[in-house]
Structures are given as structure tokens and as C-alpha cells.
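Student: Following this message is one structure expressed as C-alpha cells.
The values are calculated or read from the model by the stated rules, or taken from the named source; none is laboratory data. Just so you know, these numbers come straight off a predicted model, no measurement behind them. We place every Cβ from the backbone using ideal geometry, glycine too, and count neighbours over all the protein chains shown. Accessible surface is based on the protein model in full, side chains and every heavy atom, while ligands, DNA and RNA are left aside. Shrake-Rupley method; radii C 1.70, N 1.55, O 1.52, S 1.80 Å.
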Amino acid sequence: MKLILADEDDDGGSHGFKLSQHNLKRLLLDDPNWEVRLHTLSFLSSVLERLALVDTHLMNWIFQVKCQELLSEMTKDSSRVVRAESVNVISKVLSLSSVLNNAAYVECLASIDLGSVRDLSQVEYIYEEALDVGKSLIQENDPLNEGNNVMHCYDC
């Protein structure tokens with residue numbers, strides 16, 4: 001099978017998988033399996049490594065699928081492992097900013113607080129937060145099925 005990086009108008013051919021913005025978004029944001037989302041991020045990381053070789057076809061594809069918006073959304077993923085990997089991929093993109101030559105693209109990613117996302121996806125932080133719970137946070141005063149679960153460890 002052949003992988004075809006395509007925009008929405010390309011037909012992708014009969015023996016290929018068309019990886020358009022819609023398909024990429026489905027794999028990154030909508031797939032219920034965190035491992036699929038993680039492997040799709042790894043694929044994007046590999047594509048971005050090729051950008052260092054100044055591959056104009058890949059660069060055009062990255063801009064067409066609005067990769068910066070998808071990566072920005074991945075920092076809010078429900079899986080801490082996916083959030084951590086998204087920080088790694090975004091850091092890689094920012095290191096390639098001179099190759100990208102697209103200020104809006106780089107600016108979108110640079111506006112993300114990567115340190116905060118990295119900290120919130122560390123398992124030690126989640127355990128520490130769960131162990132340092134005050135009594136007032138544990139007591140449930142809200143009606144049934146409404147909670148005061150404000151800790152990040154509930155997002156794991």
C-alpha cells in the first residue's frame with residue numbers, strides 16, 4: 001500500500017491511503033484509542049524530520065492539513081502520554097522554524113505553554129497532586145452526578 005499525502009481534492013489513487021486533513025484529524029483527535037493517536041503523532045514527527053531536508057512537497061502538505069492546529073489540540077488530549085509526545089513534536093517543529101518560513105504557523109505553536117503541558121503530563125505530578133489532597137477537596141457537596149473533581153489526575 002502506498003501512502004499519499006494529499007489535500008482534500010486529490011483522489012489518492014486506488015492503491016493508496018489518502019492522508020488528508022480530514023483523515024489526519026480523525027486519527028489524531030477523534031480516534032478513541034490513545035495508541036493510535038500516539039502513533040499518528042510519531043508519524044508526524046517523522047514527516048517533520050524530513051522537513052529538515054527541505055522537502056517542499058511535505059512542507060506544502062504540512063501547511064494544507066493545518067498541522068499546527070492539530071498539534072495545538074493534541075496538547076489537550078485525554079491521555080497524558082499523548083500530551084507528552086505532542087510537546088516533543090511541537091518542540092521539534094519549533095526547532096525547524098527557520099526551515100518552515102511561515103511566521104503564523106510557528107507563532108501558533110510558540111504560544112503554547114509547553115512547560116506546563118509537560119509538567120501536567122508527568123506521572124509524578126499526577127501522583128503528587130492525588131496524595132496532597134486537602135480534606136475540603138475530597139468532600140463532595142454537590143448534587144449526585146455533579147462533582148468538584150478539579151484535579152488534573154482525573155484527566156489521565
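Student: Can you tell me which residue among 36, 81, 47, 65 is of a type in the set (Val, Ile, Thr), under 21 Å from residue 110 (Cα atoms) and modelled with pLDDT of 85 or more?
Tutor: When all the criteria are applied, what remains is 81.
Student: Return yes when residue 56 is crowded, with 19+ Cβ neighbours inside 10 Å and among the polar types (S, T, N, Q) and no when it is not. Break it down stepwise before answering.
Tutor: Details: crowded, with 19+ Cβ neighbours inside 10 Å: no; among the polar types (S, T, N, Q): yes.
Judged against the criteria, residue 56 is not a match.
Student: Consider region 77-129. How many of its residues are part of a helix (DSSP H, G or I) and either aliphatic (A, V, I, L, M) or in contact with a strand residue (DSSP E or B) (Cβ under 9 Å, 6 or more places away or on another chain) (or both)?
Tutor: 20
Student: Tell me, which residue of region 104-140 that is within 13 Å of residue 83 (Cα to Cα) and of a type in the set (D, E, K, R) is modelled with the lowest pLDDT? Give the derivation first.
Tutor: Kept after step one, since they are within 13 Å of residue 83 (Cα to Cα), are these residues of region 104-140: 112-123.
Then keep just the ones that are of a type in the set (D, E, K, R); that gives 113, 118-119.
Details: 113: 93, 118: 90, 119: 86.
Within region 104-140, the match that is modelled with the lowest pLDDT is 119.
Student: Further, regarding this structure: Hey, can you tell me all the residues within region 64-103 that are open to solvent by 40 Å² or more (accessible area, probe 1.4 Å) and farther than 28 Å from residue 32 by Cβ? Break it down stepwise before answering.
Tutor: Here is the first cut: in region 64-103, the residues open to solvent by 40 Å² or more (accessible area, probe 1.4 Å) are 64, 66, 69, 73, 76, 78, 80-81, 85, 88, 91-92, 94-95, 97-98, 101-103.
Once the filter is applied, which keeps residues that are open to solvent by 40 Å² or more (accessible area, probe 1.4 Å) and farther than 28 Å from residue 32 by Cβ, region 64-103 yields 94, 95, 97, 98, 101, 102, 103.
Student: How many residues, within region 46-76, are assigned to a loop (DSSP other than H, G, I, E, B), closer than 14 Å to residue 114 by Cβ and touching a residue at least 24 places away in the same chain (Cβ under 8 Å)? Show your work before the answer.
Tutor: Taking region 46-76 and keeping what is assigned to a loop (DSSP other than H, G, I, E, B), we get 52-55, 65-66, 75-76.
Checking the rest, the ones that are also closer than 14 Å to residue 114 by Cβ come to 75-76.
Of the ones still in play, those that are also touching a residue at least 24 places away in the same chain (Cβ under 8 Å) are 75.
Total meeting the criteria: 1.
Student: Does any residue of region 34-45 turn out to be in a helix (DSSP H, G or I), without any contact (Cβ under 8 Å) to a residue 24 or more places away in the chain and open to solvent by less than 20 Å² (accessible area, probe 1.4 Å)?
Tutor: Here is the first cut: in region 34-45, the residues in a helix (DSSP H, G or I) are 34-45.
Then keep just the ones that are without any contact (Cβ under 8 Å) to a residue 24 or more places away in the chain; that gives 35-36, 39-40, 43.
Going one step further and asking which of them are open to solvent by less than 20 Å² (accessible area, probe 1.4 Å), we end up with 40.
Taking every residue of region 34-45 in turn, at least one turns out to be in a helix (DSSP H, G or I), without any contact (Cβ under 8 Å) to a residue 24 or more places away in the chain and open to solvent by less than 20 Å² (accessible area, probe 1.4 Å).
Student: Still on this structure: Among the residues that make up region 141-155, is at least one of them modelled with pLDDT under 80, among the charged types (D, E, K, R) and part of a helix (DSSP H, G or I)?
Tutor: yes
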